[in-house]
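Only one structure is covered here, and it is reproduced in the block below.
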Amino acid sequence: MKDKIYSEPLNNIEDFKFDENVSKAFDDMVDRSVPGYRTLIANLGPIAANFIQENTNCYDLGCSHGAAALSIFHHLPIENITIHAIDNAPAMVNRCDELIKQANAESVIHTHNADIIDITIVNASIVLMNLTLQFLPLDQRSVILQNIFDGLVKGGACILTEKIIMPDEKTEALFQQLHTSFKSANNYSDLEISQKRKSLENVLISETLEMHTIRLRSFGFTSIVPWFQCFNFLSLIAIK
Ligand code: GEK
């Protein structure tokens, strides 16, 4: 469904929630709002395939409709892999289940309607967090990344995609302006852009690349490599 959520003026702009309405519009919303989203998804599977080891688990944390989990599924280099797709929004998980069924992937991808903070990562060769960490409370981020590091097998990788803050005001302003132009070019009105921005203000908390790198390194990830960036959207491969 076309994303019209912020198209009419709202008296009270509530904090953004991944509810039924957002789930219905999600695929259109993410395509029109995240520069390079389809490139990210198309490449997550092929990248993951390089790290997947026999008899291990893969995790897609904050899976939404399971696009990243399905990308892994379509590029699995070996059998005996379980992909755990986790999201705490029931509407997202329900739609994810439908799409997994359509792809005949039910025996490989298992969905869990759960909060990431309550999940223990076990025997993982890949953990994806594609645009999810930014929605988690700041004080939970280290706990979750430590859980990911501990649950990865040696040679396994965490792929982390985030909207980041640039280290200097000038580049931050430039990338914000380019992101706004991207949304305008995708037919979001100025009203939609400003109302959505307000709704995300307390919900999507970005950090700098330096903050992400220092924190990942502190757990012991040996190699942290950026593989994608479009404006202020960046994806890293962190290898254990
Ligand atoms: C994709 N990865 O298409 N526990 C579980 N899920 C959560 C939590 C939490 N604490 N907080 C947020 N989420 C996807 C896109 S969207 C990004 C990820 C976006 C979930 C939330 O319900 C939503 O489905 C997802 O994280 C973030 O590759 O919409 O910009």
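The values are calculated or read from the model by the stated rules, or taken from the named source; none is laboratory data. Just so we're clear, the structure is a prediction, and the values are computed from it rather than from any experiment. Positions of Cβ are generated from backbone atoms using ideal geometry, with glycine treated the same way; all protein chains shown enter the neighbour counts. Accessible surface areas use protein heavy atoms only, side chains included; no ligands, DNA or RNA. Shrake-Rupley method; radii C 1.70, N 1.55, O 1.52, S 1.80 Å.
For the list (1) more than 14 Å from the ligand (Cβ to nearest atom); (2) in contact (Cβ under 8 Å) with a residue 60 or more places away in the chain; (3) open to solvent by less than 60 Å² (accessible area, probe 1.4 Å), I need the number of the one condition that ILE78 fails.
For ILE78, the exception is condition (2).
Regarding region 90-107, can at least one residue be identified that is within 12 Å of the ligand (Cβ to nearest atom), open to solvent by 20 Å² or more (accessible area, probe 1.4 Å) and free of Cβ contacts under 8 Å to residues at least 60 places away in the same chain?
Scanning region 90-107, I find at least one residue that is within 12 Å of the ligand (Cβ to nearest atom), open to solvent by 20 Å² or more (accessible area, probe 1.4 Å) and free of Cβ contacts under 8 Å to residues at least 60 places away in the same chain, so the answer is yes.
Given ILE159, ILE119, which one is touching a residue at least 12 places away in the same chain (Cβ under 8 Å), in contact with a His (Cβ under 8 Å, 6 or more places away or on another chain), open to solvent by less than 50 Å² (accessible area, probe 1.4 Å) and not polar (S, T, N, Q)? Steps first, please.
Numbers: ILE159 fails: in contact with a His (Cβ under 8 Å, 6 or more places away or on another chain).
Matching residue, one of ILE159, ILE119: ILE119.
Is it true that some residue in region 214-233 is of a type in the set (A, V, I, L, M, F, W, C), free of Cβ contacts under 8 Å to residues at least 24 places away in the same chain and in contact with a strand residue (DSSP E or B) (Cβ under 6 Å, 6 or more places away or on another chain)?
Of the residues in region 214-233, the ones of a type in the set (A, V, I, L, M, F, W, C) are 214, 216, 219, 221, 224-225, 227-228, 230-231, 233.
This time we only want the ones that are free of Cβ contacts under 8 Å to residues at least 24 places away in the same chain, so: 214, 224-225.
From what's left, in contact with a strand residue (DSSP E or B) (Cβ under 6 Å, 6 or more places away or on another chain): 224-225.
Yes, some residue in region 214-233 is of a type in the set (A, V, I, L, M, F, W, C), free of Cβ contacts under 8 Å to residues at least 24 places away in the same chain and in contact with a strand residue (DSSP E or B) (Cβ under 6 Å, 6 or more places away or on another chain).
If you take the residues of region 133-147 that are open to solvent by 50 Å² or more (accessible area, probe 1.4 Å) and near the ligand (Cβ under 9 Å from one of its atoms), which of them is nearest to the chain's Cα centre (by Cα)?
PHE135
Out of all the residues in region 1-49, which are buried (at least 16 other Cβ atoms within 10 Å of the Cβ) and farther than 22 Å from ASN187 by Cβ?
Answer for region 1-49, where residues must be buried (at least 16 other Cβ atoms within 10 Å of the Cβ) and farther than 22 Å from ASN187 by Cβ: PHE18, ASN43, LEU44, GLY45, ILE47, ALA48, ALA49.
Please enumerate the residues belonging to region 50-69 that are over 18 Å from CYS96 (Cα atoms) and touching a Ser or Thr at 6+ places or on another chain (Cβ under 8 Å).
PHE51, ILE52, GLN53, THR56, ASN57
Could you list, in sequence order, the residues of region 120-132 that are under 28 Å from GLY36 (Cβ atoms) and more than 8 Å from the ligand (Cβ to nearest atom)?
The answer is ILE121, ALA124, SER125, ILE126, VAL127.
Hey, can you tell me all the residues within region 50-66 that are within 30 Å of SER184 (Cβ to Cβ) and touching a residue at least 60 places away in the same chain (Cβ under 8 Å)? Break it down stepwise before answering.
Just the residues of region 50-66 that are within 30 Å of SER184 (Cβ to Cβ), to begin with: 62-66.
Within region 50-66, GLY62 is the sole residue that qualifies.
Applying the selection to region 177-192, what residues are open to solvent by 40 Å² or more (accessible area, probe 1.4 Å), over 9 Å from SER33 (Cα atoms), touching a residue at least 60 places away in the same chain (Cβ under 8 Å) and not aliphatic (A, V, I, L, M)?
Selection gives ASN187, SER189.
How many residues, within region 162-176, are out of contact with any strand residue (DSSP E or B) (no Cβ under 8 Å at 6 or more places or on another chain) and in contact (Cβ under 8 Å) with a residue 24 or more places away in the chain?
Residues meeting the conditions: 2.
Give me a count of the residues in region 108-119 that are within 16 Å of the ligand (Cβ to nearest atom) and either touching a Ser or Thr at 6+ places or on another chain (Cβ under 9 Å) or within 21 Å of LEU40 (Cβ to Cβ) (or both).
Residues that pass the stated criteria total 4.
Exactly one condition in (1) away from the ligand (no atom under 11 Å from the Cβ); (2) within 22 Å of SER125 (Cα to Cα) is not met by ALA85; state its number.
The one condition ALA85 does not meet is (1).
Are there any pairs, at least 6 apart or on different chains, whose C-beta atoms fall under 9 Å, with the first in region 28-49 and at positive phi and the second at pLDDT 95 or above and outside any helix (DSSP H, G or I), and if so, which?
GLY36/PHE228; GLY36/GLN229; GLY36/CYS230; GLY36/PHE231; GLY36/PHE233; GLY36/SER235
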